[in-house]
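Engineer: Right, I'll just put the structure down here and ask away after.
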Amino acid sequence: MLILYVLTALLLGFSLLANPRKTKHALRVALRRFMKITPAFVVMLVLVAVILYLLPEHLMVRVLARESRWVAVASALGLGSVSIIPGFIAFPLCGILLDRGAQYMVLSAFSTTLMMVGVATFPLEKTYLGTTLALWRNGASFAIAVAVAIATGLFFGELW
Amino acid sequence: MKMLKQNPMVIGVGAVFSAFVLVSLLTGFEPGKAIGWNFLSFFTQMLKVLPCVFILIGLFDVWVKTETVEKHLGHDSGPLSYLWAVLLAGTTVGGLHVALPIAHALYTKRAKLGVVLAFLSAAGVCRVPMALFEASFLGWRFTCIRFAISLPLVILTSAGLAYYFEQRGYRLPDIEATGQRGRKNES
């Protein structure tokens, strides 16, 4: 996170030195783009807040560390798609799941959909890509997650 | 606030949500309070990252020439462009909500749709800090398999989708015409 601040400050500084007018213009572009997208962000935040409440961690652990592997994989795909969890929480969570006996293919289904398929970010994605394309991209990502999960199962010998 | 008038749904959602949280606070309704807290914590997380992201996008918009982006990521660029997309995605932070504005900025600089889509999905798969984290919790073998399978598929599906959509003359929605082409032309 610090790197991001330092990088932004440095670049902004250089830009100011090189051409104050262009820099002012850049900041205006930044603000305008930000304002344009704020409504979609608000909707996304509301969705995230509600989803996060409905799907607390202990529920996820209980569902994903289940015996029945296909039920677990299917729920991992579903849970991963609807929830938004930052990586620094998601992977420790996966670590916990692993200790509780969750299979690698379940974890791979979960982490891949978590990062690539976004139901909660959909309002935002729709604004940037258009509804149809956003749907297609999420669909493709979901299919990829299924493929990755199966491949993981294959490599870790969990399929048989 | 013209922006708000154009988004009645947002006003609705926002109003209902804030009313719900407010009433929950007053009546001590626990789920409502928890949801309110979730909102606040995500909101502050966004505030920590997004201003930087948008400033960087603004600088990118002003300083990087369209021709440069077009040459490396545009329609006449080779398969290497997908490699750039994946590498670029590796350096991003946050999630889709950060990758989306960047992807759109690339598109307005005439990067081709396939590259933009590959960048978006790859940003979900292979951000460097996240990969390190993943590997430390789940092992390198897990991470390598995940990358090896998903990245080629990401590139394939992105190129395929882009082909399908561009055949039909699809263009991304114009969020905001970039400054240079806008009405208020500098200089």
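The values are calculated or read from the model by the stated rules, or taken from the named source; none is laboratory data. All of these numbers come straight from a predicted model, not from anything done at the bench. Note: ideal-geometry Cβ built from the backbone for every residue, glycine included; neighbour counts use all protein chains shown. Surface areas here come from the heavy atoms of the whole protein model, side chains and all, with no ligands, DNA or RNA. Shrake-Rupley method; radii C 1.70, N 1.55, O 1.52, S 1.80 Å.
Engineer: Of the residues that make up the stretch A:121-141, is at least one assigned to a loop (DSSP other than H, G, I, E, B), open to solvent by less than 10 Å² (accessible area, probe 1.4 Å), at the interface with chain B (Cβ under 9 Å from one of its Cβ atoms) and closer than 17 Å to A:Ser83 by Cα?
Structural biologist: Within the stretch A:121-141, one or more residues are assigned to a loop (DSSP other than H, G, I, E, B), open to solvent by less than 10 Å² (accessible area, probe 1.4 Å), at the interface with chain B (Cβ under 9 Å from one of its Cβ atoms) and closer than 17 Å to A:Ser83 by Cα.
Engineer: For the stretch B:34-45, enumerate the residues that are within 7 Å of chain A (Cβ to nearest Cβ) and either closer than 19 Å to A:Met1 by Cα or within 16 Å of the chain's Cα centre (by Cα) (or both).
Structural biologist: B:Phe42, B:Phe43
Engineer: Right, next: Can you tell me which residue in the stretch B:163-177 is farthest from the chain's Cα centre (by Cα), limited to those that are within 9 Å of chain A (Cβ to nearest Cβ) and outside any loop (DSSP other than H, G, I, E, B)?
Structural biologist: The qualifying residue farthest from the chain's Cα centre (by Cα) is B:Tyr164.
Engineer: Among the residues in the stretch A:68-77, are any surrounded by 18 or more Cβ atoms within 10 Å (Cβ to Cβ), at pLDDT 90 or above and within 16 Å of the chain's Cα centre (by Cα)?
Structural biologist: The answer is yes; a qualifying residue exists.
Engineer: Of these, A:Met44, A:Met60, which one is within 18 Å of the chain's Cα centre (by Cα), within 14 Å of chain B (Cβ to nearest Cβ) and surrounded by 17 or more Cβ atoms within 10 Å (Cβ to Cβ)?
Structural biologist: A:Met44
Engineer: For residues that are small (Gly, Ala, Ser) and within 8 Å of chain A (Cβ to nearest Cβ), tally how many sit in the stretch B:57-77.
Structural biologist: 1
Engineer: Can you name the condition, by its number, that A:Gly78 falls short on among (1) within 22 Å of B:Ala103 (Cα to Cα); (2) more than 7 Å from chain B (Cβ to nearest Cβ)?
Structural biologist: (1)
Engineer: Could you check the stretch A:7-36 and list, in sequence order, the residues that are among the basic types (Lys, Arg), over 11 Å from B:Leu59 (Cβ atoms) and within 8 Å of another protein chain (Cβ to nearest Cβ)?
Structural biologist: Start the filter on the stretch A:7-36 by keeping residues that are among the basic types (Lys, Arg), which leaves A:21-22, A:24, A:28, A:32-33, A:36.
Narrowing further to those that are over 11 Å from B:Leu59 (Cβ atoms): A:21, A:24, A:28, A:32-33, A:36.
Residues satisfying the conditions are A:Arg21, A:Arg28, A:Arg32, A:Arg33, A:Lys36.
Engineer: Return the residues of the stretch A:97-115 that are within 9 Å of chain B (Cβ to nearest Cβ) and open to solvent by 40 Å² or more (accessible area, probe 1.4 Å); say none if nothing qualifies.
Structural biologist: Selection gives A:Leu98, A:Tyr104.
Engineer: Just wondering, is there one or more residues in the stretch A:73-88 that are touching a residue at least 40 places away in the same chain (Cβ under 8 Å), over 21 Å from A:Leu133 (Cα atoms) and in contact with a Phe, Trp or Tyr (Cβ under 8 Å, 6 or more places away or on another chain)?
Structural biologist: Looking through the stretch A:73-88, at least one residue is touching a residue at least 40 places away in the same chain (Cβ under 8 Å), over 21 Å from A:Leu133 (Cα atoms) and in contact with a Phe, Trp or Tyr (Cβ under 8 Å, 6 or more places away or on another chain).
Engineer: Could we say that B:Gly94 is more than 30 Å from B:Leu47 (Cβ to Cβ) and not acidic (Asp, Glu) here?
Structural biologist: no
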